[in-house]
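The values are calculated or read from the model by the stated rules, or taken from the named source; none is laboratory data. This one's a predicted model, so the numbers in the text were calculated from it and none came from an experiment. All Cβ positions, glycine included, derive from the backbone under ideal geometry; neighbour counts span all protein chains shown. Ligands, DNA and RNA are stripped out before the accessible areas are found, and what is left, the full protein with its side chains, is counted by its heavy atoms. Shrake-Rupley method; radii C 1.70, N 1.55, O 1.52, S 1.80 Å.
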Amino acid sequence: MSQFCDVALPVPLDQAFTYELGVLEAEVGARVMVPFAGQRLVGVVVGLHDVAPGDGVKVKRVERVLDEVALLSDELMELGKWIASYYCAPLGEVLRGMMPLTAEVKRQWVYRIGDAGRRVLFEGAKGSSRRSKLSVEDQNREYAVLNYLESGEAGKTATIRSATGANKALLDAMVKKKWLVREALAEVRDARRVESVAVLVEEAEPVEAPGSENPDPEHPVSSLPVSRRLPKLNENQLAVMAELAGCGGRELMRELKLRLARAGVPESSLGTLVKRGLVRLEEIAQAFHVSGLSHDGGKKFAHEHSLNEAQMEALGTIVAAMDKGGFKPHLLYGITGSGKTAVYVAAMQRALAVGKSALLLVPEIGLTPGVAAQMVAAFGGEVALMHSQLTPDERAEQWHRIRRGEARVVVGTRSAVFAPMPDLGLIVVDEEHDQSYKQEETPRYHGRDVAVMRAKLLGCAVVLGSATPSLESWNNAERGRYARVELLRRVEERPLPAVEMVDMREEFRETGAEQMFSRRLIEETQKTLDRGEQALILLNRRGYSFVVMCRSCGEKIECENCAISLTYHKGSNDDANNGEARVGQRLECHYCGFRRGVPKTCEKCGSEHLYYMGAGSQQGEERLQELFPGARIGRMDRDTVRTRGDMERLLNRLHSGEINLLVGTQMIAKGHDIHGVTLVGVVGADFALGLPDFRAAERVFQLITQVSGRAGRGELPGKVLVQTYQPEHYVNKFAREHDYTGFAAREMFFRRAMRYPPLSVLANVIVQSEKLEEALDWSARLGRWFEKRKFEGVRVLGPAAAPLSRLKRIYRYHFVLKSERRDVLGAALQEMLAVVEREEIPRRSVVVDVDAVHLM
C-alpha cells in the first residue's frame, strides 16, 4: 500500500497535487475526491509513492476513492500526458475531458458562516444597519441567514433560501463581504438510467372468486386463472391484475400507466396492489436509443452495393496493414460519391472478425446521420454512440458499455477518440479535414491528430478519409509518412457533376443591380423543379442580414459583449418547411448568443435610415419562396436544426421528396447522400477569400468541392453553379475541374513561400482579461520578454489585438509563434508558461492554441 498519491485536478495549473491515502487504496488512473481550495474536487491519480512533500508542507487526505480499479488504462494515461505536453494544457483538465462521467458526481454549493459574519451577528443589527445600503427587508434576510448558519454546519443553497427567503444575489453579496464562506460540495450519485417494471406476484394467496363456475367473459378478472382470482379487490384493482396477466405477468410501468389511463383506471389502484404484495416493482436498465439510428434508419440512409474494384483494392491495402500489425497511418483520398464509407464498414468488419474493436470518428454526429445509421445497420447492438447531444447519464452509460467490452464499434465526434475500448484494432477518421475536430476550449486538441497518436501508442492501423484532405495530411502522404490510398471514380461509374462559374460582375453590368441569385441559377433551378428533381442552394451565412448600419452616420450595431456586428433575424410565422416556431425580429450575436430588439432609429444620431447589409440563409429562403412559389422549400442552418431530432426530420423530408428545394449554410455540404439532387447552387462562398486567414483558400475549395459532391449521386447526372466575383481565382479554377491535386500543389507553393503550416508549425497565444488594462499590461510584459529572450528558430509576431478583440466581455491580445521545428516551438511555449507563473499572470488568462486552425 502506498502512503501518498499524486492527483491531477481539473484546475488551470500545470502540476499535480500530493495527498495522503491513509487506510485507503487507489490505482493510477482511478478517480478520487479530495479537498482543494475550500472545495471538494474529483481528480485522477497519476502517481503512487511513499515520499512525503518536504519543507514541512501539510498534506491533506484523500476523502474518498471513487473507483476500485483504474478507469483509464496505461495507454490512455500515456495519451493524456502526451496531449498535456503537446498542447501545453494542464493534465487535470485533459484527464477530465477523457472521462465523460460528470453525471456520476453531483456538485452543489454550500455556505458556512465566516468569522466576519459571526462578528456582525454578535454586534447586533442596530450597529450594522446604519452602515448598510440595503433595504430593511434584505437586512432582515441577511441576519436570518447568519442565524440559520450560526451552529457552524454547512447549509445547501436551496435549504437556506427556503428557510430564510434569501436569493442567490444576496448570498453572493454576503460572500463578497466575507460574512459567508462558500464551498463546492461533490457527492457521488448513481448515473445508471433505469426504469420500473410491474410484476404480478405468483405467490399471491389463491382464492376462488364467487361464481367462478360460470365466469363472465366480459369481466376483466376472467382473464386470470381460477387460482389467481381475488374476491377482495375492487373493479379497478382487478382491471390492473388482468392487464398485467395479459402481458405475461410483467410490463414496463410507463406502458402500464398509459394503458390504465386509456381504460380510465386510476394510478392509485396499482399502488394499492403494490402495498398488498400482489404486484412488485423491479428496476431494469433503460434501453439506449438515439433517434434516427435504428436498423431501419440504416436501410433508409444506406445504399448497399458490393464493393467495386477500386474499393476492393483500397480495402486490401488497409486490411494488409491490419494483418501485419504495427502502426501504419493511411490517407484514404476518395472523391465525393466514391464509396469511402463502404470501405470503412468492410475494414471494421474485418477488425471485429479477428476479435478487435473499431472506432469511427465523424465531424458532427447530427450532420452525418447516414454514416452512423450504416454502422448501426451493419453492427447492430455492438454499436455505441458518443457525442455532445447525449445527456450526461447517457454518456456515462455508453462509456461504461464500451469499457466493459459490450460495444466493440464506437461512432462519435472528436471526444470519442478517448473511448476506453479494449483491443482496439482500427481507428477511422471520416472527413478528416473538417475543422470541427479541433477543440476550441482547453485542452485545445485536434481529434484527428490525437487519433493518429493513439494508434501509434497502440500499434494499430488508422485511416484518415476525405475527398478534400487537409494539407497537413496531404503533405504527410507526399513525404511518405502516411500511405495514400485513392478512390478516383464514383460508384457505378456515375460522373462527377459539371461545375460552371457564374461571373457576378457580368451579372451586375447586365442587370444594373446587385442580385442574390443570378439569372442563370434561377433558370436552372426552375428547370430542375419542373423535371421533378431536387436542388440545393448553399448560402453560408445564418440569419437575414449580417450587418445593420446607419446610412446617415455609418454606425454599425454591435454586440455589447463582443467586437462583432449583430446579425439581423427577421420574424417568421410557423413554417411547415423548417418547423421554426414564431420568433420576433431580433439582432443576435452568433458568438456569445446575446440578443436584443431591432431599434427604429440609430442610437447614435437618431436617423431612421437603417440599412440591412448582406444576405443570410433566412433571406435566401424568403427570396426563393418569391421566385418559386410552387416549390417545397426547406432551410438547414443552426436556427432550424437545434435538437438531435431536427436534422433527422429534415433529411427524412428531403429523402422522401417532400422538400425539393433546400437552402442552407455549410451544414448542407456535410456527407448527405440524397439521390434526387441534381442541381447545387453556391452563393457568396468566395467572400471568405478576403478573410485575414492563411487557410482561407483551402476552406473555400473544400466547401465548394464538398457541396458540389451532393449533386448527381443517383441515376441522373448533376450540375453545379458557383456564383463568384473572382472566376479567375485558382480556387475556382481547380474546383471547376474537380482537381484537388492541382489545388494542393498551388496552395503548397504559397504556403512554402510564407512558411505557413504544414511547412512550419504554429501556435496562437491569447492573453485575455475582463479588464482592458490587465490584458494590455500582461501582453506587453510577455512581449518584452519575447523580445529580450529571442528564441533561435522561432518567429514571434505580436503582441497585437486579436481579430476578435473582445469576445464574451473578454479583451483579447495575441502572439503568433512560427517555427520549422516542433520541439523548438514546444520548448519556447513551456518557457513562456514558466514566465507567466513567475510574473503572477493568471494561468487561465493565457491561452495556448498549438496548431491553431483559427487565428481569431
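General remarks:
- GluC sites (Glu not before Pro) lying in DSSP loop within the range 1-103, provided at most 16 other Cβ fall within 10 Å: GLU25, GLU27, GLU63, GLU68
- Among the trypsin sites (Lys or Arg not before Pro) in the range 444-523, those placed in a DSSP loop whose Cβ has at most 15 other Cβ atoms within 10 Å are ARG479, ARG481.
- Each part gets one Cα centre, and for the range 494-537 versus the range 661-702 those centres are 15 Å apart.
- Additional length obtainable on full extension of the chain from LYS60 to ALA801, 0.36 nm per residue less Cα span: 262.5 nm
- Sparse-neighbour loop sites [chymotrypsin sites (Phe, Trp or Tyr not before Pro); the range 686-733; at most 11 other C-beta within 10 Å; DSSP]: none
- Accessible area per residue was computed with a 1.4 Å probe on protein heavy atoms; MET241 scores about 0 Å².
- A probe of 1.4 angstrom, applied to the heavy atoms of all protein chains, finds PHE508 with accessible area near 90 square angstrom.
- D_trans [Stokes-Einstein, Kirkwood Rh over alpha-carbon pairs] for the range 764-856, 25 °C, 0.890 mPa s, µm² s⁻¹: 185 µm²/s
- Ranking ARG586, ARG623, ARG254, ARG781 from most to least accessible surface, computed with a 1.4 Å probe over the protein chains only, gives ARG254, ARG623, ARG781, ARG586.
- Cα gyration tensor, the chain - rounded (a/c under 1.5), prolate or oblate: rounded
- Dipole of the chain [Lys/Arg +1, Asp/Glu -1 at C-beta], most positive-end residue of VAL42, LEU390, TYR611: TYR611
- Here the convex hull built on the C-alpha positions of the range 517-557 has a volume of 100 cubic angstrom per residue.
- Only Cα pairs under 8 Å and 6+ residues apart enter the sum, and on that basis the relative contact order of the chain stands at 10 percent.
- Protein-only accessible surface at a 1.4 angstrom probe places the residues TYR143, TYR111, TYR86 in the order TYR86, TYR143, TYR111, largest first.
- Percentage relative contact order, the range 336-449, counting C-alpha pairs under 8 Å, at least six apart: 34 percent
- Prolate/oblate/rounded label for the range 590-662 (Cα gyration tensor, a/c 1.5): oblate
- Electrostatic tally near ALA163: other residues with Cβ closer than 11 Å to its Cβ, Lys and Arg +1, Asp and Glu -1, net +3.
- Measuring between their Cα centroids, the range 430-489 and the range 715-768 lie 18 Å from each other.
- In the chain, the portion of solvent-accessible area held by carbon and sulfur atoms comes to 49 percent [1.4 Å probe, whole percent, DNA, RNA and ligands not counted].
- Alpha-carbon centroid distance for the pair the range 594-646 / the range 1-64, whole angstrom: 53 Å
- Normalised by 2.2 N^0.38 Å, with N the number of residues, the alpha-carbon radius of gyration of the range 695-783 equals 1.65.
- Based on protein heavy atoms only, the chain ends up with 46 Å² per residue of surface accessible to a 1.4 Å probe.
- THR678 accessible area, assembled protein chains, probe 1.4 Å, Å²: 10 Å²
- Exposure rank, largest accessible area first [GLU792, GLU255, GLU183; 1.4 Å]: GLU792, GLU255, GLU183
- Stretchable slack from GLU486 to LEU716, in nm (0.36 nm times residue separation minus alpha-carbon distance): 80.3 nm
- Theoretical ellipticity at 222 nm over the chain - DSSP helices of four or more residues, -39500 (n - 2.57) apiece, nearest 500: -10000 deg cm²/dmol
- Cα gyration tensor category, rounded, prolate or oblate, for the range 322-417 with a/c compared to 1.5: oblate
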